[in-house]
Amino acid sequence: MRLAQSAADTAGAGGSPLSSGTPSSPSPMHVHNGKAPGLQSGSHDAQRQSAMEEAVGGGGGRDGGVRGRVCSGLRSGRGGGAGGGRGGVKDSLSSPSPVSRRPTRRSSRRPRQRFVGKDGRCNVTFVNMSDRGQRYLSDLFTTCVDIRWRWMLVIFTLSFLLSWLLFGFAFWLIASTHGDLSVRLAPISDAPPGAEEARGAGDESGRGLAPPAAAAAVVVVEEETCFLQVNSFMAAFLFSLETQTSIGYGFRSVTEECPLAVLAVVLQCIVGCIIDAFIIGAVMAKIAKPKKRNETLVFSDTAVVALRDGKLCMMWRLANLRRSHLVEAHVRAQLLKPRVTPEGEYLPLDNADINVGFDTGTDRVFLVSPVTIVHEIDDESPFFEMDRSMLEKDSELEVVVILEGMVEATAMTTQCRSSYLASEIHWGHRFEPVLFERKDCYQVDYSFFNRTYEIPSTPSCSAKQLAEQKYVQRSRESFCYENEVALQLACPEDDTQNGLQTQTSATEQPFHPEHPHDN
């Protein structure tokens, strides 16, 4: 009780009016071994703090109490203004430390992120690239093909608009320099005297009409201009658009008066052809890009490990959902797994090739119906020493499978990718059949494409242990007459000595003839 009251007095002594000796209400805290245990709830602290502030009435204490009420039960060790600076010590008894509420780190290592997604996208980002923009602009065509369609449409629109505006401004500048934008009137040399005065008098009278004699004497003489009907910037822009797009309305045209204007028209035609070739070529290449062809090339959701032809194999499926064939289709596979070299170098993503029949040619598939790709787990396979328990516990393993081929319609090479984690490789399973023979054709039922069934007789040991067991069993059961003869011929002296000893022992035995009277 005394420790609690002294703690309350100390909390108010940090420069607030509580230090003036005002008694505070006793705290319901109990002392155990000289230490004050935490309060039962933060609401009692808030009520007690507010009562203390009302009794004191200090500005700094009020401010600190308000902030103490707000932070009570949420964060500890923080008080209010001048009077609440130390008041947070008492609040800390009622609420646990924020450090204790932080989630502890997992002792186990987090599984590695998937390097290749199921949709074929590689989970890779590039950072700290030097001169990235310059490198991308140096290969502008590939950049335009790779960017998204929204940016491609922006580039498509801006390329034409900027070229029209640029050459429109050039035409307007040429016309302005030549003086085509001002209307010029000049009297003829044989005009009668007084014609100009008569015309001016007619204008001043407000009627705006000159006498017939004077009007006949004044004619408008137009000087030769660089462009016809180009007397403003908008007209120059329209002339630029008509020139580059070859619309040819026949209203605006260039004359032979200004060679610079003719040169500008020729230059715009050349630049327009270049822009058309580049932009249209990039758009066509982007449309014909075989990336969307991968949407109809699918891999099975899982891979399986089972016996086939007496050998332990890893298998997965792939299929072509279109009737058009994939020319020169072939498959590849790689195992991605971090490892440490004997020299101590850590490789975060080590690639190990998985043989799917490259030597025998079975990696080239005729992808008309779904095909099961088989990887024989032999002594050259990275799974040779891996049993079922090791495979299920390996959280850093990833098998990347790749299908490559040429699209029959466009003859462009496409690549389809997918991957399998250790949790997606089912040991002791097989795929259900998807191809069925009907009366006049073969039918593929894709509802069975991802289905598997369990094989209880599949061994759980590794391929290495399975091969050793088969070798021992085969050596015990096998008998070869040629091997026995070879062994006898290799040790003829031992056999001769053994034969002599046998004959000697036979001759040394006493002879006891049978007699009918012998007992």
³J(HN,Hα) computed for each position of the range 445-461 - Karplus, 6.51 cos²θ - 1.76 cosθ + 1.60, integer Hz, glycine/proline x: 9, 6, 6, 9, 5, 9, 7, 10, 9, 7, 10, x, 7, 5, x, 8, 7
Residues listed by number, the range 267-283, amide nitrogen under 15 Å from Ser159 label point at 7 Å toward C-beta: 270-283
Cα convex hull volume per residue for the range 247-403 (Å³): 249 Å³
Where labels lie 7 Å past Cα in the beta-carbon direction, separation of Asp363 and Ser182 in nm: 8.0 nm
Backbone HN-Hα couplings from phi across the range 297-313 [Karplus 6.51/-1.76/1.60, Hz, Gly and Pro as x]: 10, 10, 10, 5, 5, 10, 10, 10, 10, 7, 7, 9, 6, x, 10, 6, 9
Residues of the range 426-463 with amide N under 19 Å of a point placed 7 Å along Cα→Cβ from Ser395: 426
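What's the whole-number percent of alpha carbon pairs in the range 365-409 lying beyond 15 angstrom? Don't skip to the answer; put the middle values down first.
Numbers: 631 of 990 pairs.
The answer is 64 percent, as a whole percent.
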Alpha-carbon Rg with Dmax, taken over the range 339-397, Å: 15.2, 48
Solvent-accessible area, 1.4 Å probe, carbon plus sulfur percent, for the range 266-392: 56 percent
Cα→Cβ-extended label distance, 7 Å offset, between Ser253 and Phe278, nm: 3.2 nm
Extreme residue, positive dipole direction of the range 305-446, given options Phe366, Val434, Ser423 (C-beta unit charges): Val434
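Whenever you get a sec, line up Thr362, Thr125 from highest to lowest accessible area (probe 1.4 Å, protein heavy atoms).
Working: Thr362 85, Thr125 120 Å².
The ranking, largest first, comes out as Thr125, Thr362.
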Translational diffusion coefficient (Stokes-Einstein; Kirkwood radius from C-alpha pairs) of the range 386-441 at 4 °C, 1.567 mPa s, in µm²/s: 87 µm²/s
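The values are calculated or read from the model by the stated rules, or taken from the named source; none is laboratory data. Keep in mind that what you see is a predicted model, and the values were worked out from it rather than measured. Every residue, glycine among them, receives a Cβ derived from its backbone with ideal geometry; neighbour counts consider all protein chains shown. These accessible areas exclude ligands, DNA and RNA; they are computed on the full protein's heavy atoms, side chains included. Shrake-Rupley method; radii C 1.70, N 1.55, O 1.52, S 1.80 Å.
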